[in-house]
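Engineer: One structure coming up, written as structure tokens, with questions to follow.
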Amino acid sequence: MTDPLELPKAGRRPRQTFELEETGFNEVPKRFRRFYRRWRGPGDKLGPNEALCPVCKVVIRSTKELRAGDRVYCMPCMSRLELVEEDGMLIAKVIY
Amino acid sequence: MVDFLSNYSIQKWLESCPQGYLEDTIYGHGADEREPEELLQNDDYREQQIRTTVQLIAGERCALAASSGLVNAAPDQASKTFLATQTLDEGRHVEIFTQRLFDLGVKPNDLESTIATYINPHLGKFAEVLLEKIDKKDFVAGVVGQNIVLEGMAFSVFEMLHAGAEAANPKFARTLSGTIADERRHVGFGENRIGDLIRRYPEKKPEVQRMQRDMTKHMLATFHEAFARNGGPAEARPSAPQKGKPAPTYQGLNMAEASNEEMEGALSATVLKEFKTRLGRIGLEYQSPV
């Protein structure tokens, strides 16, 4: 059996891609709105293409599956974030 | 150069706010939205809402004085531009909450006397600690006090009030959701700007932490007095109209059934947890006032 994490980058499972629909989020200019949605609280589940901004609690959405090491931008609060894996979960950390 | 602000502009602010979530609003709410009749006809209920709204006006007047004062204290043009937009946000908040007092039946000539009657004295002391730093043009302490402590507190208070008003008072809930959207930018500026500055000027830490401790003391006293006098948001009372929806909840508490002490505890715990987390992220240690 092959551990996929041990595979060279080129051999890793390709990232899933996602179509982003409008979510009703209207706190950024129109052309960027589909990249964000409101956090619905502790019961809310993040998709593999989503990260929660720890500064302003908005969900950031990508057209590609997100992985540790990726950098994302939260336009509503202007924070630049890096994704890190902690306890098997992806966590967004602010880059100052 | 302040990197995180490199894409920020007044143009982007225009597209996000006036042309975004504030589009088609009047004083922050829908043109056809009104205060509920049940509220206007119940003197106790109305007075409780006047008292709550007075605290919002007082907090926003403090934020307006602080953000406008910080424009001239900011060391770079990008921060000045951001703070100019924040100044307009805060001026708008003062206006929409003042308009709400008028909607609740306060006469314009009675505005200042109504504020003087109902203002929580601890909130005044909270503002004094911050405005002293602004007067000294202390940018680092001013941004921590304004954009992390004051805005962090406002963020949680608005969320609690929004939870209470969502079903019973859609007009007030809409007004609050616009201010919550503004607060996201303000806390984002605070964290990102100070996260960088504190690393460059670590000698500022003790003074800034002392200010945070003093502001926190006055904030907790404000909450205590507010809940002792008022209880939770009026819309969350069992007698409030819920339009057939389940009772509102905040931090797992049923707001229609929770005691004043439970509500005060839930709000204080939420705000303090947020303070600790935010301050820790930017390299400051939360100082307990107790």
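Engineer: Considering each residue of the stretch B:172-181, count those that are over 16 Å from A:Trp39 (Cα atoms) and in contact with a Lys or Arg (Cβ under 9 Å, 6 or more places away or on another chain), and give that number.
Structural biologist: Step one: of the stretch B:172-181, the residues over 16 Å from A:Trp39 (Cα atoms) are B:172-176, B:179.
Right, trim to in contact with a Lys or Arg (Cβ under 9 Å, 6 or more places away or on another chain) and you get B:172, B:175, B:179.
Number satisfying all stated conditions: 3.
Engineer: Moving on. Filter the stretch B:235-263 for residues that are within 14 Å of chain A (Cβ to nearest Cβ), open to solvent by less than 60 Å² (accessible area, probe 1.4 Å) and over 20 Å from the mean Cα position of the chain (by Cα); which is modelled with the highest pLDDT? Spell out the reasoning first.
Structural biologist: Within the stretch B:235-263, the subset within 14 Å of chain A (Cβ to nearest Cβ) is B:248-253.
Next cut, open to solvent by less than 60 Å² (accessible area, probe 1.4 Å) only: B:248, B:250, B:253.
Keeping just the survivors that are over 20 Å from the mean Cα position of the chain (by Cα) gives B:248, B:253.
Working: B:Pro248: 86, B:Leu253: 89.
By that ranking, first place goes to B:Leu253.
Engineer: Mind telling me which of the residues B:Arg200, B:Arg210 ends up being away from chain A (no Cβ under 14 Å) and not acidic (Asp, Glu)? Walk me through how you get there before you give the answer.
Structural biologist: Numbers: B:Arg200 fails: away from chain A (no Cβ under 14 Å).
Testing whether each residue is away from chain A (no Cβ under 14 Å) and not acidic (Asp, Glu) leaves just B:Arg210.
Engineer: State yes or no: is B:Glu183 open to solvent by less than 10 Å² (accessible area, probe 1.4 Å), of a type in the set (D, E, K, R) and touching a strand residue (DSSP E or B) at 6+ places or on another chain (Cβ under 7 Å)?
Structural biologist: Considered against the rule, which asks whether it is open to solvent by less than 10 Å² (accessible area, probe 1.4 Å), of a type in the set (D, E, K, R) and touching a strand residue (DSSP E or B) at 6+ places or on another chain (Cβ under 7 Å), B:Glu183 comes out as no.
Engineer: Tell me yes or no: at least one residue of the stretch B:26-33 is open to solvent by 90 Å² or more (accessible area, probe 1.4 Å), more than 14 Å from chain A (Cβ to nearest Cβ) and either of a type in the set (Lys, Arg) or not in a helix (DSSP H, G or I) (or both). Lay out the reasoning, then the answer.
Structural biologist: Taking the stretch B:26-33 and keeping what is open to solvent by 90 Å² or more (accessible area, probe 1.4 Å), we get B:27, B:32.
Then keep just the ones that are more than 14 Å from chain A (Cβ to nearest Cβ); that gives B:27, B:32.
Now narrow it down to the ones that are either of a type in the set (Lys, Arg) or not in a helix (DSSP H, G or I) (or both): B:27, B:32.
Checked the stretch B:26-33: at least one residue is open to solvent by 90 Å² or more (accessible area, probe 1.4 Å), more than 14 Å from chain A (Cβ to nearest Cβ) and either of a type in the set (Lys, Arg) or not in a helix (DSSP H, G or I) (or both).
Engineer: A follow-up question, please. Give the stretch A:16-70 a look and list any residue that's of a type outside the set (A, V, I, L, M, F, W, C), within 9 Å of chain B (Cβ to nearest Cβ), open to solvent by less than 40 Å² (accessible area, probe 1.4 Å) and not in a loop (DSSP other than H, G, I, E, B), or say none.
Structural biologist: Residue satisfying the conditions is A:Arg33 alone.
Engineer: Which members of the stretch A:83-96 meet the condition of being within 12 Å of the chain's Cα centre (by Cα) and surrounded by 15 or more Cβ atoms within 10 Å (Cβ to Cβ)?
Structural biologist: If the condition is that a residue be within 12 Å of the chain's Cα centre (by Cα) and surrounded by 15 or more Cβ atoms within 10 Å (Cβ to Cβ), then A:Leu83, A:Leu90, A:Ile91, A:Ala92 are the ones that fit.
Engineer: A follow-up question, please. Residues being aliphatic (A, V, I, L, M) and within 15 Å of B:Leu88 (Cβ to Cβ): count how many of those fall in the stretch B:10-32. Steps first, please.
Structural biologist: Of the residues in the stretch B:10-32, the ones aliphatic (A, V, I, L, M) are B:10, B:14, B:22, B:26, B:31.
Restricting the remaining residues to those that are within 15 Å of B:Leu88 (Cβ to Cβ) gives B:10, B:14, B:22.
Residues that pass the stated criteria total 3.
Engineer: Follow-up question, since we're still on this one. Confirm whether B:Val129 is open to solvent by 10 Å² or more (accessible area, probe 1.4 Å) and within 18 Å of B:Glu47 (Cα to Cα). Don't jump to the end; show me each part of the working.
Structural biologist: Working: open to solvent by 10 Å² or more (accessible area, probe 1.4 Å): yes; within 18 Å of B:Glu47 (Cα to Cα): no.
Against the criterion (open to solvent by 10 Å² or more (accessible area, probe 1.4 Å) and within 18 Å of B:Glu47 (Cα to Cα)), B:Val129 does not qualify.
Engineer: Would you pick out the residues in the stretch B:1-23 that are assigned to a loop (DSSP other than H, G, I, E, B) and more than 11 Å from chain A (Cβ to nearest Cβ)? Spell out how you get there, then give the answer.
Structural biologist: Within the stretch B:1-23, the first condition is being assigned to a loop (DSSP other than H, G, I, E, B), and the residues that meet it are B:1-2, B:6-9, B:22-23.
Correct list: B:Met1 only.
Engineer: Okay, next question. Just one of the numbered conditions (1) buried (at least 19 other Cβ atoms within 10 Å of the Cβ); (2) more than 17 Å from B:Ala154 (Cα to Cα) is not true of B:Glu23; which one?
Structural biologist: (1)
Engineer: Take the residues in the stretch B:70-115 that are in contact (Cβ under 8 Å) with a residue 60 or more places away in the chain and assigned to a loop (DSSP other than H, G, I, E, B); name whichever of them is most open to solvent (accessible area, probe 1.4 Å).
Structural biologist: B:Pro75
Engineer: Moving to a separate point now. Would you pick out the residues in the stretch B:264-286 that are crowded, with 16+ Cβ neighbours inside 10 Å, of a type in the set (Val, Ile, Thr) and assigned to a helix (DSSP H, G or I)? Walk me through it before giving the result.
Structural biologist: So the first thing to find is which residues in the stretch B:264-286 are crowded, with 16+ Cβ neighbours inside 10 Å, and the list is B:264-268, B:270-272, B:274-275, B:278-279, B:281-282, B:284, B:286.
Pick out the ones that are also of a type in the set (Val, Ile, Thr) and you get B:270-271, B:282.
Once the filter is applied, which keeps residues that are crowded, with 16+ Cβ neighbours inside 10 Å, of a type in the set (Val, Ile, Thr) and assigned to a helix (DSSP H, G or I), the stretch B:264-286 yields B:Thr270, B:Val271.
Engineer: Check every one of the helices (runs of 4 or more DSSP H) wholly within the stretch B:128-231 and list those with 1 or more residues that are more than 30 Å from B:Asp3 (Cβ to Cβ).
Structural biologist: Numbers: elements: B:139-143, B:151-165, B:170-200, B:205-230.
Once the helices (runs of 4 or more DSSP H) in the stretch B:128-231 are filtered for at least 1 residues that are more than 30 Å from B:Asp3 (Cβ to Cβ), what remains is B:151-165, B:170-200, B:205-230.
Engineer: Read through the list (1) more than 13 Å from chain B (Cβ to nearest Cβ); (2) modelled with pLDDT of 95 or more, then give the number of the only condition that A:Asp87 fails.
Structural biologist: Evaluating A:Asp87 over (1) more than 13 Å from chain B (Cβ to nearest Cβ); (2) modelled with pLDDT of 95 or more leaves (2) as the failure.
Engineer: Looking at the stretch B:175-197 only, could you name the residues that are at the interface with chain A (Cβ under 9 Å from one of its Cβ atoms) and among the polar types (S, T, N, Q)?
Structural biologist: Passing the criteria: only B:Asn192.
Engineer: Does B:Phe172 fit the bill of being within 14 Å of chain A (Cβ to nearest Cβ), open to solvent by less than 10 Å² (accessible area, probe 1.4 Å) and either at pLDDT 95 or above or farther than 23 Å from B:Ile10 by Cα (or both)? Can you show your working first?
Structural biologist: On the way: within 14 Å of chain A (Cβ to nearest Cβ): no; open to solvent by less than 10 Å² (accessible area, probe 1.4 Å): yes; either at pLDDT 95 or above or farther than 23 Å from B:Ile10 by Cα (or both): yes.
Taking the combined requirement at face value, the residue does not satisfy it.
The values are calculated or read from the model by the stated rules, or taken from the named source; none is laboratory data. Here the structure is a predicted model, which is why all the values come from computation and not from measurement. Backbone-built Cβ (ideal geometry, glycine too); neighbour counts: all protein chains shown. Side chains are part of the model used for accessible areas, which takes the heavy atoms of the whole protein and leaves out ligands, DNA and RNA. Shrake-Rupley method; radii C 1.70, N 1.55, O 1.52, S 1.80 Å.
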